[in-house]
Amino acid sequence: MTPLRLIAIGSVNQGVMEYLTLVLPDSTGLPCVRAPWVINYTEAYLNERGQYHSTRLLDMIERQADGARASGPCLGVTELDLAVPILTFLFGEARLQGRCAVVSAHRLRQPLYGLPCNSSLLLHRVEKESLHELGHLAGLRHCRLSSCVMAFSTSVEHVDLKEAAFCDRCLPVFEAWARGWRNRP
Amino acid sequence: MTAPIRILVVDDEFSVRDSLQAWFRDSGYETEVASSGKEALAKMGRQRFDIFLLDIKMAGMDGLELQETIKEHQENPIIIFMTAYASVDTAVRALKQGAFDYVTKPIDPEELERLVRNAAERRLLQKENLSLKVQIEELTPFKDIIGESRPIKEVVELIKNVAPTDTTVLIRGESGTGKELVARAIHAASPRRFMPFVTVNCGALPEGLLESELFGHEQGAFTGAQFRHKGKFELADGGTLFLDEIGDVSLKTQTDLLRVLQEREITRLGGTKPIKVDFRLIAATNCDLEARVAEKSFREDVYYRLNVFPIVLPSLKARSGDIPLLAGYFLQKYARKMNRPIRGISASAMALLSQHSWPGNVRELENAIERAVIFCKGDELLPEHLPLQRSIATEVSSGLPLSEVEKIHIQRVLAETGGNISKSARILGIDRATLYNKIKRYGLFVRE
């Protein structure tokens, strides 16, 4: 069975990585393994913004996956503040129907908004955004239903409004994608 | 189906075109890009676009010139300009010439989303009218309210009556009777159904945090508030706000709530500007609010504001005739979810279900069936699959501390589910992150 690979980019809270390793197999039916790849994230640094170019990070993950001849979906997990030059920030990025995605916990933390640290809420948010990006890999676009994990979020409040689950319309597409990977040797 | 919105992005920078094309595509918009005014006009010759995103400063034909040319080719185009801070004056000129709006680079995703959504909504209003009517007819907001008994039919009738109005609803009932389900059904059958349904569990948050959750705060409102934070009142704008456990709200927050209900506007913490909010309020409680009012721990004026249209949910015991129907519904739901070929519930198991007192109401019944589906290896649920005969008290020594009992119980459920976090959390009635934290605390196991 083809696994879903998690790649830590930079220093990532171990609890976040462990939690994703535990819950993503429940949602995808794919075993989840941590790939020990080293992503040279400093190359994606945007000097003038103090942020990291998420598309460049995606390219780096893809190159690592190609180099390691690793099949299956890859999800980069980071605490870096992601952006692309035209947008001020991103929670994550994925190529529609691609193989690689990246998600950031940076703007999902409560203290960034002046609120008390809440590790459970952080885990929920990272899980939702990870599922969201995996949904894009499955070919799903943003969903109009605000409770669906594929709903578009531009703030943590919107992330909190949605559930860590696909709606009835998105779920079959996601399941077919996951099944496709499960059936591969 | 309404035709998708078509966007044309015109910018001479490749990275801008590339990022925005991916961004809009993910949101379901059909997007084309052009690197110059000339290329944009060529694409316009081949297809019609609903929204134009134009860079102001481009070599050759600049954004303002392109705007004029687009207006000659197409009636009422929606044009949004992208500009650097330095050229804001030019953008303002563009607005005067009929542009829809402008954004400054780099663009805040929320700002971009809002702008494009507003533009798309304007475009879609007429196009979607017909298809929305069809969708509305397809919606079945009451499908999850299961039961044929008189008490539950009366509840459904009340929901149907109140849903189309904007009246405040107070849902009362014991824990596990489905108060949130009813609130969601009211929202789904209301004209606000396409707007957010926002839930706040008032009992779960300490007073200070509840205030920040409800009202939001401005950037710099207090130490550490690096960003503006929208409150639930704002998030529910246009939709429905569901305040669960309203009986647990402090007197101070009740006073603030009363003000919002009267004036329909809020001020974020640390803010000075009042913000108009338009939401429908549904509150729920299992408390005896009248007693709280009598003992002065709940404001009488708030009580009357909330108790406009009360709906009292029957306990499962009061509608025990619905138990076979509910049990069958949950069996079907979990058998399908867990891919188990279970046909039905044996007569003896059903008798056991019907005799049980169900202090935890429908939620307890649902948990019992889910657990039974996990245990059942055959094609019929039998009494031994049900957790009703077993009691944790008989299995765990009474001399153990609470944390040890919790640890043993979690360990057992994890073993029963083969370490599946989602299933275990559902059975235990806690969320997955809480379960994960407990697993870490007790050092129980980590799935490889």
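Since every read-out is calculated from the coordinates, none of them should be taken as a lab result. Because the structure is predicted, anything quoted here is derived from the model rather than measured. As a convention, Cβ positions derive from the backbone with ideal geometry for all residues, glycine included, and neighbour counts pool all protein chains shown.
Residues A:Val159, B:Val92, ranked from the fewest to the most other C-beta atoms within 10 Å, line up as B:Val92, A:Val159. With contacts taken as Cα pairs under 8 Å and at least 6 residues apart, the range A:25-93 reaches a relative contact order of 28 percent.
Which value at 222 nm does chain B reach when only helices count, each DSSP H run of 4 or more adding -39,500 (n - 2.57), with the total divided by all residues and rounded to the nearest 500 deg cm²/dmol? After summing the helix terms and dividing by residue count, I get -14500 deg cm²/dmol. Short to long, the 20 Å bins of the Cα pair-distance histogram for the protein assembly as shown hold 16, 48, 31, 5, 0 percent of all pairs.
For the range B:305-448, the dipole from Cβ point charges (+1 on Lys and Arg, -1 on Asp and Glu) about the Cα centre works out to 460 debye, to the nearest 20. Restriction of the trypsin sites (Lys or Arg not before Pro) in the range A:6-84 to DSSP coil positions whose beta-carbon has at most 12 other beta-carbons within 10 angstrom yields A:Arg69. Note on the range B:202-250 and the range B:34-81: Cα centroid distance 43 Å, given to the nearest whole angstrom. Taking label positions 7 Å along the Cα-Cβ direction at both B:Lys43 and B:Glu68, the computed distance is 2.3 nm, reported to one decimal. Name the residue from A:Trp37, A:Gly114, A:Val173 whose Cα lies farthest towards the positive end of the charge dipole of chain A, charges +1 on Cβ of Lys and Arg and -1 on Cβ of Asp and Glu. Positive-end residue among those listed: A:Val173. Here's the picture: charge each Lys and Arg Cβ at +1 and each Asp and Glu Cβ at -1 in the range B:291-448, and of B:Pro324, B:Leu402, B:Ile430 the one pushed furthest to the positive end of that dipole is B:Ile430. How high is the relative contact order of chain B, in percent, counting Cα pairs under 8 Å that sit 6 or more residues apart? Answer for chain B is 11 percent.
Potential lengthening of the chain between B:Lys153 and B:Leu444 amounts to 100.2 nm, from the contour at 0.36 nm per residue minus the alpha-carbon distance. Legend: ranking of residues B:Met58, A:Met1, B:Met338, B:Met82 from fewest to most surrounding C-beta atoms inside 10 Å; resulting order A:Met1, B:Met338, B:Met58, B:Met82.
Taken over the Cα atoms of chain B, the convex hull encloses 220 Å³ per residue. Taken about its Cα centre, chain B carries a charge dipole of about 920 debye when Lys and Arg each add +1 at the Cβ and Asp and Glu each add -1 at the Cβ.
With a cut-off of 8 Å between alpha carbons and a minimum separation of six or more residues, what is the relative contact order of the range B:177-318 in percent? Once normalised by length, the contact order is 27 percent. The helix-based estimate of mean residue ellipticity at 222 nm for chain A, built from -39,500 (n - 2.57) per DSSP H run of four or more residues and divided by its residue count, is -11500 deg cm²/dmol to the nearest 500. Angle check, please: helix B:402-416 long axis (alpha carbons) against the longest principal axis of chain B (alpha carbons), in degrees 0 to 90, nearest 10. Between helix and principal axis, roughly 80 degrees. If R0 is taken as 60 Å, the Cβ-Cβ distance between B:Glu263 and B:Arg412 corresponds to a FRET efficiency of 0.70.
Spin-label model, B:Lys57/B:Asp431: points 7 Å from Cα along the beta carbon direction are separated by 4.6 nm. Taken about its Cα centre, the protein assembly as shown carries a charge dipole of about 1240 debye when Lys and Arg each add +1 at the Cβ and Asp and Glu each add -1 at the Cβ. Annotation: lysines with alpha-carbon distance below 25 angstrom to B:Lys96 (same-chain offsets under eight excluded): B:Lys38, B:Lys57, B:Lys71, B:Lys105. Measuring nothing but alpha carbons in the range B:1-123 and taking Rh as the Kirkwood radius, the Rg to Rh ratio lands at 0.92. Rounded to 0.05, the FRET efficiency of the A:Ser71 and A:Leu171 pair, given R0 = 25 Å and the Cβ-Cβ distance, is 0.55. What ranking of B:Thr253, A:Thr42, B:Thr90 emerges when the number of other C-beta atoms within 10 Å of each C-beta is taken as an exposure proxy, fewest first? Fewest to most other Cβ atoms nearby, the residues stand as A:Thr42, B:Thr90, B:Thr253.
At R0 = 51 Å, how high is the FRET efficiency between B:Phe14 and B:Leu209 if r is their beta carbon distance? Nearest 0.05 is fine. Plugging the Cβ-Cβ distance into 1/(1 + (r/R0)^6) gives 0.65.
Model label points for B:Thr165 and B:Ala84, set 7 angstrom from Cα along the Cα-to-Cβ axis, are 5.9 nm apart.
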